[in-house]
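> Handing you a structure now.
Just so you know, all these numbers are worked out from the coordinates, no wet-lab data involved. These numbers come from a predicted model, not from an experiment. Cβ atoms come from the backbone with ideal geometry, glycine included; neighbour counts cover every protein chain shown.
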């Protein structure tokens with residue numbers, strides 16, 4: 001169970017911007033969704049995980065004035081990422097052109113991107129002309145980004161949604 005708790009905390013912290021905190025209620029929901037169990041039934045294990053994570057400087061646990069904990073990334077969060085994803089050597093992405101074939105998007109991963117700069121600019125112009133549709137499209141793009149779509153996939157979705 002400790003491994004599951006650690007994994008849920010890690011995944012939630014990883015998806016948050018580095019300057020944001022994971023609130024206890026968000027952790028409760030994420031744990032319930034991931035495991036089908038209540039994290040409240042495992043508070044002793046949560047405390048053990050919290051102690052380990054703080055001891056390793058992977059995460060920091062603080063108590064809010066209302067008594068609820070919040071969790072932030074620790075100074076060695078990057079080391080925790082390497083531990084949790086040992087095969088992931090980095091997430092650097094350089095794209096020189098959006099009109100390319102076989103773009104390198106990760107270690108041993110390629111993707112065909114067939115969006116011309118003109119198509120991208122046209123989509124941006126359509127976005128300015130229809131602010132209500134733009135709000136909807138931006139919301140959908142935000143959802144795609146949370147799902148882990150690459151830059152190229154997100155641009156392709158953007159152009160498709162604005163068509």
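> Just want the ordering: 64, 149, 27, 13, from fewest to most Cβ atoms lying within 10 Å of their own Cβ. Mind showing how you got there, number by number?
Values: 64 11, 149 15, 27 20, 13 23.
Going from sparsest to densest Cβ surroundings: 64, 149, 27, 13.
> Starting from the exponent 0.38 and prefactor 2.2 Å, build the expected Rg for the range 2-84 from its residue count and divide its actual Cα Rg by it. Walk me through the intermediate numbers first.
Numbers: Rg = 11.7 Å, N = 83, 2.2 N^0.38 = 11.8 Å.
After normalising by residue count via 2.2 N^0.38 Å, the value is 1.00.
> Next question. Please order 68, 162 by the number of other Cβ within 10 Å, starting at the fewest. Can you show the working numbers first?
On the way: 68 11, 162 19.
Least to most surrounded, the residues fall as 68, 162.
> Fewest Cβ neighbours within 10 Å first, please rank 121, 5 accordingly. Can you show the working numbers first?
Numbers: 121 10, 5 22.
Fewest-to-most Cβ neighbours within 10 Å comes out as 121, 5.
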